[in-house]
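To start, the structure under review is shown below, and the notes come after it.
The values are calculated or read from the model by the stated rules, or taken from the named source; none is laboratory data. Remember, predicted model here, so these are calculated numbers, not experimental data. Cβ: placed from backbone, ideal geometry, glycine included. Neighbour counts: every protein chain shown.
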Amino acid sequence: MSRKLFFIKVLVATVTFMVMLGFIPFMSSCTPQITFGELTVSGEINAVTGEPVSSKDEFSFNIKKIFTTIKVSGVKADDNKRFTMVNEDTGEIIFDKTEKYSIEDTGFIEAYFYIETEDLEEGPVLLDPGEYSASFYHNGELKDTADFKIIAPAAEIMEVKLSNEDRDNMELINPTSEFSPSDAFFIYVLTNFLIIGDVYSVRWYFDEDEILDVVDIEITENYYGQEVVNFWYPPKVPWKPGSYKAEVYLNGSLYSKYDFVIVGEEEVPQKDESYFTQGNIYINEDYGYSINYPDGWDYKEEYEDGHSVEFFPASDDLSMFIAVSWFSEGAFDPNNLEIFSEDYLFDITGESEWSIEGLDIYSEGEEIYSGELSGLYYAEYYYSLTDQEHNRYAFDNILMLKGDDLIIVSGLYLMLQSAEADEILHGMWGSISFE
């Protein structure tokens, strides 16, 4: 009985191929014993024999090819073989290929078979970091499985810039350590990679010890190239002149500290009555309340699932809208207003008259104030958002409990117009009265 080894190559990427590199079946009067070798995963094979070279169970994220190989003997040419590969972390099927050992010949086969996983489109990585499992089946029966891991690269911070400019291009940012009381703080963090699960953080301080805010951004998608993580801290009121500090962290480890100063005289915000000179008052007799609204604004009422009225300027000069919504008992959990506030944010930014395409929350909601107004408990939550054009927005959400009901006064506005928007929103909220 004569025999000769051969191997079959299947190139897997977006499309699956099979390339026959050699075939010599062997036949005799006896039926050969069927045997299967160990399924191996490697980054290289012997180009002549098809044998794996240096099989491994861990690979770098930038590996260009992966070979899943098994030696079989005594199988029939028209038997079925099946290779599969699955990302165990996500459940994604990388490939699932079933075919006959050979469609051109008959007899028994002894050979190395392998799948070559190669990125035909030359993307940033062959496989995302994570745990993988490759399997081989003969006539539907599992014969062996090989587990392996793609190691994620270590993200590193390459550069940090502080600025009062809102820009998309890191190279165009003019860094500064001196700000005015009305400036927004921007911190741009340049990193070599963005890796799922990594957390970038900024802690803002006034003087040495008075912490102003802590902002964490967790990465939810891998990006294998330089990218900028943006932080900003808008002035809810004008900044107090003096010395400030920002600390930048990656996964809880301090990268560096940055000192900056606010210069100029302290600005005391004065109530601007110019937005409410015409005496516009919205009155809702069904729910028993009234609220002032600005000059030149209009409104739209809705009564589906409760009551809501949206106020918006007639001019495009001010990019904002304000909504008042009323929820009855059972529509909300009075002990979990923070969760309800976030759900409400998603609803109103997607379905309002002034909806924004591609709007995403950039930072967690922060309770900035709570207390009582006219004897009613309230909690105010502040969100930072960005749209797909990288415009930055703020969403200010004030929730008030009145008996068993919940009233929400909220405003969505461009961050660059925060001073005007804050005056209008809180002017309206402060004017609300109930029968």
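Observations, loosely collected:
- Close Cβ contacts (under 6 Å, 6 or more residues apart or on different chains) running from residues in the range 281-305 that are at negative phi to residues that are of a type in the set (Lys, Arg) and exposed (fewer than 15 other Cβ atoms within 10 Å of the Cβ) are absent.
- Condition met for residue 380 (in the same structural domain as residue 340 (by TED's automatic domain parsing), surrounded by fewer than 16 Cβ atoms within 10 Å (Cβ to Cβ) and either at pLDDT below 85 or of a type outside the set (Val, Ile, Thr) (or both)): no
- Restricting the range 47-80 to residues that are among the small types (Gly, Ala, Ser) and assigned to a loop (DSSP other than H, G, I, E, B), the residue that is surrounded by the most Cβ atoms within 10 Å (Cβ to Cβ): 50
- Selected residue (only one of 198, 147, 209 is closer than 23 Å to residue 58 by Cα and without any contact (Cβ under 8 Å) to a residue 60 or more places away in the chain): 198
- Of all the residues in the range 91-109, those that are more than 14 Å from residue 80 (Cα to Cα), in a strand (DSSP E or B) and not β-branched (Val, Ile, Thr) number 1.
- Filter pass, residue 244 being more than 19 Å from residue 393 (Cα to Cα), touching a residue at least 12 places away in the same chain (Cβ under 8 Å) and in a strand (DSSP E or B): yes
- Scanning the range 282-324 for residues that are under 29 Å from the mean Cα position of the chain (by Cα), small (Gly, Ala, Ser) and either over 24 Å from residue 415 (Cβ atoms) or assigned to a strand (DSSP E or B) (or both) returns a single hit, 323.
- Residue identified as at pLDDT below 90, surrounded by 17 or more Cβ atoms within 10 Å (Cβ to Cβ) and in the same structural domain as residue 242 (by TED's automatic domain parsing) among 164, 169: 164
- Each residue in the range 126-176 was checked for being hydrophobic (A, V, I, L, M, F, W, C) and assigned to a strand (DSSP E or B), and 11 of them qualify.
- Of residues in the range 81-103 being touching a residue at least 12 places away in the same chain (Cβ under 8 Å) and within 10 Å of residue 132 (Cα to Cα), the one surrounded by the most Cβ atoms within 10 Å (Cβ to Cβ): 85
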